[in-house]
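Asker: Please find one structure pasted underneath; my questions will follow.
Any read-out appearing in this document is the output of simple, stated calculations on the displayed coordinates, not a laboratory observation. This is a predicted model, so every value here is computed, not measured. So basically every Cβ, Gly included, is an ideal-geometry build from the backbone, and we count neighbours across all protein chains shown.
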Protein chains: 2
Amino acid sequence: MVKARKYVVRKHFEGFPKRDDFHIVEYELPPLQSSEILIKTEWISVDPYQRAYNRKFPTPFDQFGFIVGTVEDSRKPRFQIGDKVVAHCSWCNYCIINPNEVNSKLDIVYKLPDLRGLSPSLGISAISAVGATAYFGFLEICHPKAGETVVVTGAAGAVGSIVGQIAKIKGCKVIGFAGTDDKVAWLQNELGFDKAYNYKTCNVNEVLKIAAPNGVDCFFDNVGGEMSSMIINHMNDFGRVSVCGSISAYNADVSQLPKAPILQLDIVMKQLKIEGFLAHRWLDRWPEAFEELINWILEGKIKIKEHITEGFDNVFEAFIGMLTGKNTGKAIVKI
Amino acid sequence: MVKARKYVVRKHFEGFPKRDDFHIVEYELPPLQSSEILIKTEWISVDPYQRAYNRKFPTPFDQFGFIVGTVEDSRKPRFQIGDKVVAHCSWCNYCIINPNEVNSKLDIVYKLPDLRGLSPSLGISAISAVGATAYFGFLEICHPKAGETVVVTGAAGAVGSIVGQIAKIKGCKVIGFAGTDDKVAWLQNELGFDKAYNYKTCNVNEVLKIAAPNGVDCFFDNVGGEMSSMIINHMNDFGRVSVCGSISAYNADVSQLPKAPILQLDIVMKQLKIEGFLAHRWLDRWPEAFEELINWILEGKIKIKEHITEGFDNVFEAFIGMLTGKNTGKAIVKI
């Protein structure tokens, strides 16, 4: 018998999640049934959507998340013992999954792509839902053209940092906003952003006048709210906004959403297109994104930073750290 | 020599336009030059964009607008004396236009389409930029499907009333919001909207729970602001919002735009697409819209109401009346 541990949400979050909203359950895994596989977790991903989706499920529920692990036992021929896999399951150290059972779009399990020597942790960072989010959310919604000006918020985060680098590969001018001076330095000095600013200490409106004198063509928005309104004011005719996240509002009371200057005047006058997306819209095309991202990483065109927390007992700390912007690059936990 | 009169804007509007922001200039028209045509105005259109675009030009400038008139003299073979024409020129009783001169997208002049017996005033109401706005802005951006639920704000206005009727033709359920009980009654009893509400006296959120229990698929937005945020909260996954206007904000100080609950959370979670447009994006396809709209009007599928003010000296009153919602249907002035 294998002893397993997992995080269970026992109380819906109010404002920022609290440690006490979770408890860790220890239990004995049952024997494998037909089609099931047993995975030993090696890496756990903490992501903003885990905050945003919290009220989609009645409590108590297993905290969902992506993991990278190794198959330790299998009753499913497609998965062999020793295979590395990526699964959307729970924050757990061991789990049993039936890859045939797809109850929601969140039931995802696939073999780790051939990372050609890169760390398996990339299976939940760059070469993952996160990479697919950056790749499709930017390219399919913003349709960037060489020479255009792109603004990215949450630019030092897992998705934003990849979006900015893809924009550079596509020949765009890239302006990033992040929340600490260290992140800003990393974006400019290591990732090749043309300009990066600390939104907490700059005047977004004033810096855009300087950094984007010809206006903004594409805006990849992770943040929402006041800042988005300000950036949208700087957009050019037929500008495209890809709305990936709204981290400024995830911890707000949904019945009392924050207010920001309205967008409609700009949307009409400049004929803007603003579109939101979830990466699994393109789930069948993720391998295409993974292939290209792996190439770019191996060619040195995309640099990946992982913000690694160690230990199963520290997943909550990694989660809250990510929500408060402590991470530069992708926040993950090594088990 | 022909004596002409026109409205000149001498002062940019602040808040609602004032009569004193305009003066009427009387002057002698010069003899026609090569390619020019002389038009005697019969109908003048007053529209929300005339408020919204006010600061696009330095003062003083001729107040722009669409007119229907008759060619009284012509040095341009394509236009014969007696031809009915539609022109985007000024609020004037006579004007000279050179159809070759296109300095901006607003320089438009074309022969009145064959209205097959309908009033020539339709050339600035249903069979005009207004009709094209409703037709393309709804069909090309919302892509309505039979059985879907469509919400229209400013539903009793020139554009909104046509959009709602096109939505009915396309087999949708249509919910309209307007600003008086008379307008609401007109929408429900005469235009065939499934439901209409007076947004000034209803709770938008509560009525949508009842009128759109399965959510909103398409939203044609003329208003913007708080109300738009509330309606967007009711939208379904992959909902489409066509942003046609933002009349709630046209009279606001642009540096101090009103605030409303942010949209980004819904945009992401429901993968919404919100797009603004100006009708001249499809200028080369306007005849296609005109043809179909004329058919629908003649078949009784679309009913048109014109809110007619009489007299050149009353154009300002018609304009401010339209901006304050006094019109049901298209506000026009008979000269």
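Asker: Of all DSSP beta bridges located in chain B, what percent are antiparallel, nearest 5?
Answerer: Close to 55 percent.
Asker: If every alpha-carbon in the stretch A:126-181 counts as one equal scatterer, what log10 I(q)/I(0) does Debye give at q = 0.16, 0.24, 0.27 1/Å?
Answerer: After summing over all Cα pairs, the log10 values are -0.42, -0.90, -1.08.
Asker: Suppose a student asked you for the relative contact order of the stretch A:129-279, using Cα pairs under 8 Å spaced at least 6 residues apart; what percent would you report?
Answerer: 23
Asker: Taking the Cα centre of each part, how many Å lie between the stretch B:210-283 and the stretch B:77-115?
Answerer: Each part's Cα centre sits 34 Å from the other's.
Asker: Label-to-label distances across copies for B:Glu72, with labels 7 Å out along Cα→Cβ, in nm, shortest first?
Answerer: Counterpart label points of B:Glu72 in the remaining copies fall at 9.4 nm.
Asker: Taking the Cβ-Cβ separation of B:Glu288 and B:Asp73 as r and a Förster radius of 45 Å, what is the calculated FRET efficiency to the nearest 0.05?
Answerer: 0.90
Asker: Label point 7 Å out from A:Tyr53 along Cα-to-Cβ: which residues of the stretch A:71-99 have amide N under 20 Å?
Answerer: A:85-99
Asker: Once R0 is set to 35 Å, what does the formula 1/(1 + (r/R0)^6) return for the Cβ-Cβ distance between B:Thr324 and B:Cys202, expressed as a FRET efficiency to the nearest 0.05?
Answerer: 0.95
Asker: Right, another one. Fully extended, how many nm does the chain gain between A:Tyr110 and A:Asn189 (0.36 nm per residue separation, minus their Cα-Cα distance)?
Answerer: Using 0.36 nm per residue and subtracting the Cα-Cα distance, I get 24.9 nm.
Asker: Among A:Val223, A:Phe238, A:Tyr53, pick out the residue whose Cα is farthest towards the positive end of the charge dipole of chain A, where Lys and Arg carry +1 and Asp and Glu carry -1 on C-beta, about the Cα centre.
Answerer: Looking along the dipole axis, the top candidate is A:Phe238.
Asker: For q values of 0.14, 0.20, 0.22, 0.28 Å⁻¹, compute log₁₀ I(q)/I(0) with the Debye formula on a Cα-only model of the stretch B:162-239, without solvent.
Answerer: Cα-only, vacuum Debye calculation for the stretch B:162-239: -0.42, -0.89, -1.10, -1.63.
Asker: Across the residues of A:226-236, average count of Cβ atoms on other protein chains within 10 Å?
Answerer: 1
Asker: In what sequence, highest mean first, do A:145-151, A:100-106, B:228-234 appear when ranked by Cβ atoms within 10 angstrom?
Answerer: Put in order of decreasing packing, that is B:228-234, A:145-151, A:100-106.
Asker: Give the cross-link partners of B:Lys170 among the lysines, using a straight C-alpha distance below 26 Å as the criterion and excluding same-chain residues fewer than 8 apart.
Answerer: Straight-distance partners of B:Lys170: A:Lys273, B:Lys145, B:Lys183, B:Lys195, B:Lys209, B:Lys270, B:Lys273, B:Lys301, B:Lys303, B:Lys305, B:Lys330.
Asker: Then there is this: For B:Ile124, A:Ile96, B:Ile37, A:Ile308, what ranking results if the residue with the fewest other Cβ atoms within 10 Å of its Cβ goes first?
Answerer: A:Ile308, A:Ile96, B:Ile37, B:Ile124
Asker: Given the Cα-Cα distance of A:Lys3 and A:Ile308 and 0.36 nm per residue of separation, how much length would full extension add, in nm?
Answerer: Full extension from A:Lys3 to A:Ile308 adds 107.3 nm.
Asker: A further question follows. Treating cross-link reach as a plain straight distance, find the lysines whose alpha-carbon is under 18 Å from the alpha-carbon of A:Lys40, omitting any fewer than eight places away in the same chain.
Answerer: Straight-line reach from A:Lys40, under 18 Å: A:Lys3, A:Lys6, A:Lys76, A:Lys84, A:Lys111, A:Lys334.
Asker: Residue by residue through B:276-282, how many Cβ atoms from other chains fall within 10 Å of the Cβ on average?
Answerer: Per-residue shielding by partner chains comes out at 4.
Asker: B:Lys200: which aspartates and glutamates have alpha carbons under 13 Å from its alpha carbon, excluding same-chain residues fewer than 8 sequence positions away?
Answerer: B:Asp181, B:Asp182, B:Glu226
Asker: Enter the mean number of other protein chain beta carbons within 10 Å of the beta carbon of each residue in A:238-249, as an integer.
Answerer: For peptide A:238-249, the averaged partner shielding equals 4.
Asker: Give me, ordered by chain and number, the residues 5 or more places off B:His307 or on other chains with an amide H under 5 Å from its own placed amide H.
Answerer: Answer set, sorted by chain and number: B:Lys330, B:Ala331, B:Ile332.
Asker: Would the stretch B:129-279 count as rounded, prolate or oblate if I go by the C-alpha gyration tensor, calling it rounded below 1.5 in a/c and otherwise prolate when a/b exceeds b/c, oblate otherwise?
Answerer: It is rounded, given that a/c, with a ≥ b ≥ c, falls under 1.5.
Asker: So in the protein assembly as shown, what percent of DSSP beta bridges are antiparallel if you round to the nearest 5?
Answerer: The antiparallel proportion sits near 60 percent.
Asker: So in the stretch A:129-279, what percent of DSSP beta bridges are antiparallel if you round to the nearest 5?
Answerer: 0
Asker: Further question: Any idea what the alpha-carbon Rg over 2.2 N^0.38 Å comes to for the protein assembly as shown?
Answerer: 1.11
Asker: Per DSSP helix of 4 or more residues, -39500 (n - 2.57); summed, then divided by the residues of chain A. What does that give at 222 nm, rounded to the nearest 500?
Answerer: Helices in chain A give a 222 nm mean residue ellipticity of -7000 deg cm²/dmol.
Asker: Distances from B:Lys209 to the same residue in each other copy, label points 7 Å out along Cα→Cβ, in nm, shortest first?
Answerer: Distances to the matching label points in the other copies: 4.6 nm.
Asker: Can I ask one more? Taking the Cα centre of the stretch B:1-115 as the origin and placing charges on Cβ (Lys, Arg +1; Asp, Glu -1), which of B:Ile108, B:Asn98, B:Phe64 is farthest toward the positive end of the dipole?
Answerer: So the residue we want is B:Phe64.
Asker: Further question on the same structure: Using Cα pairs closer than 8 Å and at least 6 residues apart in sequence, work out the relative contact order for chain B, in percent.
Answerer: 17
Asker: For the residues B:Leu283, B:Leu272, what sequence is obtained by ranking on other C-beta atoms within 10 Å, fewest first?
Answerer: B:Leu283, B:Leu272
Asker: Determine the relative contact order of the stretch B:67-121: mean sequence separation of Cα pairs under 8 Å and six or more apart, normalised by residue count, in whole percent.
Answerer: Relative contact order of the stretch B:67-121: 33 percent.
Asker: Moving to a separate point now. For chain A, just the Cα atoms, rotate onto the principal axes and tell me the three extents in Å, largest first.
Answerer: Ordered largest first, chain A gives principal extents of 64, 45, 34 Å.
Asker: Would you mind listing the distances between the A:Gly147 label point and the same position in each other copy? Use 7 Å along Cα-to-C-beta, nm, one decimal, shortest first.
Answerer: 4.6
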